[in-house]
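Student: Below you'll find the structure I mean.
The values are calculated or read from the model by the stated rules, or taken from the named source; none is laboratory data. Nothing here was measured: the structure is a model prediction, and the numbers come from that model. Reconstructed Cβ throughout: ideal geometry from the backbone, glycine too, with neighbour counts over all protein chains shown.
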Amino acid sequence: MAEVEINDKVVRKEDKPQLIVDGKRLDGRGFEELRPIKMEAGILKRADGSCYLEMGRNKVVAAVYGPREVHPRHLQDPSKAVIRYRYNMAPFSVEERKRPGPDRRSVEISKVSREAYEPIIMKELFPRSGIDIFVEVLQADAGTRTACLNAATVALVDAGIPMKGLISSVAVAKVEGVLVLDPMKEEDNFGEADVPFAFVIRNGKIESIALLQMDGRMSVEEMKKATEMAKKGAMQIYELQRETIMKKYSKEDVD
Amino acid sequence: MGEEILMDIKKDYILSKLKDGERIDGRKLDEIRPIDIQTDIIPKAEGSALVKLGNTQVIVGVKMQPGEPFPDAPDRGIIITNAELVPLASPTFEPGPPDESSIELARIVDRGIRESEAVDLSKLCIEEGEKVWIIFIDIHALDDDGNLMDASALAAISALLNTTVPAENFSIGDNFPLPVRDLPVAITSLLADGRYIIDPSRDEMSIGHKLLTITTDKNDNIVAMQKSGSYILKEEKFYELIDVSVRKARELRELLKNI
């Protein structure tokens, strides 16, 4: 057995800091407040579409290549484009150096992220071709998969890939018994539950869920509350994604 | 090729029955196939279980050995979950390193056990910072007739319930039963045409790989979820599936109480 499940969630209880003080979180945020987000589209010259995104201390880059020829050839689909999504963490992105290359966690994240985009990308328009989405985590601070999905959406639009909607993604955690939006590292490590969501947004409205995972422990009621909280957060991210794309295109107009 | 055409015909049949709220094997939409759990079938393993879920069969074997703890949890045992989709179990499985579906399967089973804190890992410390018990949960699919997910999760917790910590083999005192304190149960639903069916069979999977797995603990809390497959999920459906998963998990948990 070459690969093993890394016990990355277990932390010493005695190291746990007080995560919520006077109704505020460690970084001063309220429960339903996102971390500061920064996005820029079109930052890579060679890629067909790209986006740099910061979500709190997360720093990620997304690039989209395609539609282009698929290699190896046997992966081609004569009726539609093949979507590939590769989530990768840089070795220096975390406290302790991460061994380069895909581990089991990255393989799983890549799978569920690809599955989030597959139904919204209009694949039928590009038979035999491939659309590759590459996301690189340069610095990780909890919520990297959501940050990457948000960046990938902007990169896909930047690449001009036709889509039925946009994806905006955010997680909700349960920390010291309360639900918090967009958990940072400490809240993810010491929290009781973590639920990453991604939503499909069409015509400015949340239409459905594109990605859904969960670990931890939550009652059914809390889960419903968490979903509502995530929807509000996703709408704010969606507005930022739109602005980022508009900014890129208005810049091009000036030339 | 022949099989693909058959699959297409079956797919239409399954979908047309589903419109009338029926399934091809006569089950109700939320009915789980008959379950048979046999434990202790591999005496050389510290714990084992064979689960039959209809025609789907999975063996889980648990092996344990002392090893070094993770630096961030010096006084807690370790769980390592691995799944092998061996070619014997399905014409579509190929030999080779674990692909994304076996990794996903192992990780969903692992999350259910880990997050429900089913195993009391604090009781598996041998020497703080030096030596703790490592639990290897190996999922071995034998026959994939659909929903390996729930069968594997059930087999894993059954095998853990059946596990004896082999302390004597390593001269670390007396053997003792593995401290298991919760019964996580995974329920997988297949979505199609605005409806859902619980515990999809292989044939039913031909209508689309649109799955949602929800694992709950003995207090009906949600401990793990995974949306799997290329589809988008309506929020109302999500809530509906939470409720049905809690209800069906209670039924399966009764079976575990007899182990």
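Student: Restricting to segment A:195-225, what's the tally of residues that are without any contact (Cβ under 8 Å) to a residue 12 or more places away in the chain and among the charged types (D, E, K, R)?
Tutor: 3
Student: Hey, another quick one. Given (1) surrounded by 24 or more Cβ atoms within 10 Å (Cβ to Cβ); (2) in a strand (DSSP E or B), where does A:Val112 come up short, assuming only one miss?
Tutor: Condition (2) is where A:Val112 drops out.
Student: Determine, yes or no, whether A:Pro100 is at pLDDT below 95 and farther than 15 Å from A:Gly49 by Cβ.
Tutor: Against the criterion (at pLDDT below 95 and farther than 15 Å from A:Gly49 by Cβ), A:Pro100 qualifies.
Student: Go through (1) within 27 Å of B:Ile14 (Cα to Cα); (2) at pLDDT 95 or above; (3) touching a Gly at 6+ places or on another chain (Cβ under 6 Å) one by one and return the number of the condition B:Pro184 breaks.
Tutor: Against the list (1) within 27 Å of B:Ile14 (Cα to Cα); (2) at pLDDT 95 or above; (3) touching a Gly at 6+ places or on another chain (Cβ under 6 Å), B:Pro184 comes up short only on (1).
Student: Can you tell me which condition A:Ser208 does not meet? The list is (1) away from chain B (no Cβ under 11 Å); (2) assigned to a strand (DSSP E or B); (3) closer than 20 Å to A:Gly233 by Cβ, and all the others hold.
Tutor: (1) is the only condition that A:Ser208 fails.
Student: If I filter segment A:217-236 for residues that are within 7 Å of another protein chain (Cβ to nearest Cβ) and in a strand (DSSP E or B), do I get at least one hit?
Tutor: Yes, there is a match, as at least one residue in segment A:217-236 is within 7 Å of another protein chain (Cβ to nearest Cβ) and in a strand (DSSP E or B).
Student: Considering A:Glu243, A:Glu186, A:Glu239, A:Glu192, which residue is within 13 Å of another protein chain (Cβ to nearest Cβ), out of contact with any helix residue (DSSP H, G or I) (no Cβ under 7 Å at 6 or more places or on another chain) and surrounded by fewer than 23 Cβ atoms within 10 Å (Cβ to Cβ)?
Tutor: A:Glu192
Student: Then there is this: Would you confirm whether any residue within segment B:202-209 is surrounded by fewer than 23 Cβ atoms within 10 Å (Cβ to Cβ), closer than 24 Å to B:Lys234 by Cβ and of a type in the set (S, T, N, Q)?
Tutor: Yes: one or more hits.
Student: Of the numbered conditions (1) surrounded by fewer than 17 Cβ atoms within 10 Å (Cβ to Cβ); (2) within 24 Å of B:Val246 (Cα to Cα); (3) in contact with a strand residue (DSSP E or B) (Cβ under 8 Å, 6 or more places away or on another chain), A:Lys224 fails exactly one; give the number of that condition.
Tutor: It is condition (3) that A:Lys224 fails.
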